[in-house]
Amino acid sequence: SLSLGQGQDQIAIQSFNEAKERGSWVVMQNCHLCPSFMPTLERLVNEIEDNGSEFRLWLTSMPSNLFPVSILQNGVKVTNEPPKGLKSNMLRSYLGIDEEEFESCTKPSTYKKLLFSLCFFNALILERRKYGPLGWNIPYEFSNSDLKISQSQLLMYLNTYDQIPWDALNYMGAEANYGGRVTEGKDRILINTLLLDFYNPKVLNDSYKFSDSGVYYCPPESPLSTYIEYIQNELPINDLTEIFGLHDNADITSAINETKTLLGNVLSLMPRMTSGAGKSQEEELQDRANDILKKMPPPFDILDVNRKHPIKKEESMNTVLQQELLRFNKLTSQVKSTLKNLIKAIKGEVVMSQDLEKLGYQVSDNIVPTLWVKVSYPSMKPLGSYVSDLIKRLEFMQKWVDEGAPPC
């Protein structure tokens with residue numbers, strides 16, 4: 001077993017060859033940390049012959065675009081995703097604690113209280129990600145190693161010092177261990193503030209509650225099994241938003257986003273049906289693209305609009321008109337150019353790029369293409385309703401150009 005990283009290439013190759021000759025197993029961890037070795041690894045794997053040998057190659061990696069696709073296709077894949085919910089995260093943390101280490105601190109009561117607080121903090125920051133920008137401005141990938149190093153530091157500090165070094169615990173946790181992954185300024189302030197709720201002298205009191213309702217609290221000093229029973233039986237299955245410091249409406253937003261993701265994934269797995277007229281998928285996509293193109297009017301003539309509605313102090317709405325027309329011109333130009341390129345790609349006249357392929361899937365699935373959303377006004381509508389709404393907006397703007405500003 002070896003952990004890949006800088007300077008480990010030759011050691012990895014040697015371990016691979018020795019294991020293959022002996023018919024034994026070899027584990028290469030953290031493949032995502034050694035992208036330069038991935039082409040060599042792909043070549044080594046492709047050279048493996050199926051001769052009945054007991055040789056097995058185990059690879060571990062975080063999600064990475066540089067991981068060889070051929071290895072993924074030819075190997076057995078196992079994913080290990082963090083559990084959902086505070087209760088499941090807490091249970092996972094406590095089931096991974098060694099009982100001997102749990103009882104090894106010279107300040108057992110303090111250690112067990114602070115360890116529970118640390119695990120709760122770990123679960124809390126992981127679960128805040130489900131709220132999107134309400135939880136974190138950037139979705140950070142906190143890992144179990146952050147918890148383990150913080151746990152080791154907690155044990156070390158308590159065994160070393162007579163007084164609890166609160167400042168050191170908070171700094172190492174929020175700035176070094178977990179904070180080392182945080183890059184956004186306000187997120188850094190948030191993680192420091194959150195940890196202060198769990199690393200402070202009040203936590204050592206049995207009456208201290210993590211939430212106003214009193215649902216979340218740290219149980220008194222007990223054996224490891226008692227803490228596990230408390231997590232399994234006492235913590236609510238559905239998380240309360242109060243523990244995250246968020247409004248109840250945040251749950252609605254989270255549920256809507258999760259539902260959209262689920263239905264989007266289901267939709268992407270469904271076969272794309274063709275009509276009874278015998279048209280192929282490509283022909284139907286081409287017809288739909290042509291239909292949208294026919295509905296698109298020509299761009300607004302900004303120079304002509306400037307003559308009819310010049311920008312003056314007395315007519316402030318003329319400035320608004322011209323700015324809106326420029327934005328609509330940019331949007332309709334994007335719609336037309338992308339659809340024309342998609343039709344050309346279907347006919348084989350241009351290369352079907354990744355963006356065009358995604359555009360085709362989204363048009364087929366009645367989703368507003370990502371390429372349009374980037375230059376569009378905000379909209380939650382599906383593609384058909386979006387196009388109809390866009391046409392109405394363009395007609396409104398044309399009427400404004402022809403007849404003057406609408407009555408206010």
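Structure summary
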{"read-out": "Extreme residue, surrounded by the most Cβ atoms within 10 Å (Cβ to Cβ), among residues of segment 162-187 that are part of a loop (DSSP other than H, G, I, E, B) and among the aliphatic types (A, V, I, L, M)", "value": "V182"}
{"read-out": "So G264, is it farther than 27 Å from L118 by Cα and not assigned by TED's automatic domain parsing to the domain that holds I391", "value": "yes"}
{"read-out": "Matching residues, segment 331-352, being on the phi < 0 side of the Ramachandran plot and loosely packed, with under 14 Cβ neighbours inside 10 Å", "value": "S333, S337, K347, E349, V351"}
{"read-out": "Residues within segment 153-184 that are over 25 Å from E81 (Cβ atoms) and among the basic types (K, R), tallied", "value": "0"}
{"read-out": "Qualifying residue in segment 276-297 (condition: over 28 Å from N366 (Cβ atoms), modelled with pLDDT of 90 or more and in the same structural domain as K336 (by TED's automatic domain parsing))", "value": "no"}
{"read-out": "Criterion (farther than 30 Å from R129 by Cα, in contact (Cβ under 8 Å) with a residue 40 or more places away in the chain, in a helix (DSSP H, G or I) and not β-branched (V, I, T)) met by exactly one of L267, L321, L303", "value": "L321"}
{"read-out": "Options F16, F55, F67: the member that is touching a Leu at 6+ places or on another chain (Cβ under 8 Å) and aromatic (F, W, Y)", "value": "F16"}
{"read-out": "Which listed residue is touching a Cys at 6+ places or on another chain (Cβ under 6 Å), surrounded by 12 or more Cβ atoms within 10 Å (Cβ to Cβ), assigned to a helix (DSSP H, G or I) and assigned by TED's automatic domain parsing to the domain that holds P108, from L126, L158, L190", "value": "L158"}
{"read-out": "Verdict on N137 being closer than 28 Å to E258 by Cα and either aromatic (F, W, Y) or not assigned by TED's automatic domain parsing to the domain that holds T183 (or both)", "value": "no"}
{"read-out": "Any helices (runs of 4 or more DSSP H) falling wholly within segment 340-406 and containing at least 3 residues that are over 26 Å from the mean Cα position of the chain (by Cα), closer than 26 Å to F300 by Cβ and of a type in the set (A, V, I, L, M)", "value": "383-403"}
{"read-out": "Which numbered condition E258 misses (of (1) farther than 30 Å from T241 by Cβ; (2) of a type in the set (D, E, K, R); (3) touching a residue at least 60 places away in the same chain (Cβ under 8 Å))", "value": "(1)"}
{"read-out": "Residue identified as small (G, A, S) and under 20 Å from P82 (Cβ atoms) among S150, S225, S213, S207", "value": "S150"}
{"read-out": "Residue under evaluation R181, criteria (1) under 22 Å from G96 (Cα atoms); (2) within 31 Å of the chain's Cα centre (by Cα), criterion not met", "value": "(1)"}
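The values are calculated or read from the model by the stated rules, or taken from the named source; none is laboratory data. Since this is a predicted model, take the numbers as computed values, not measurements. Glycine gets a Cβ as well: all are built from the backbone with ideal geometry, and neighbour counts include every protein chain shown.
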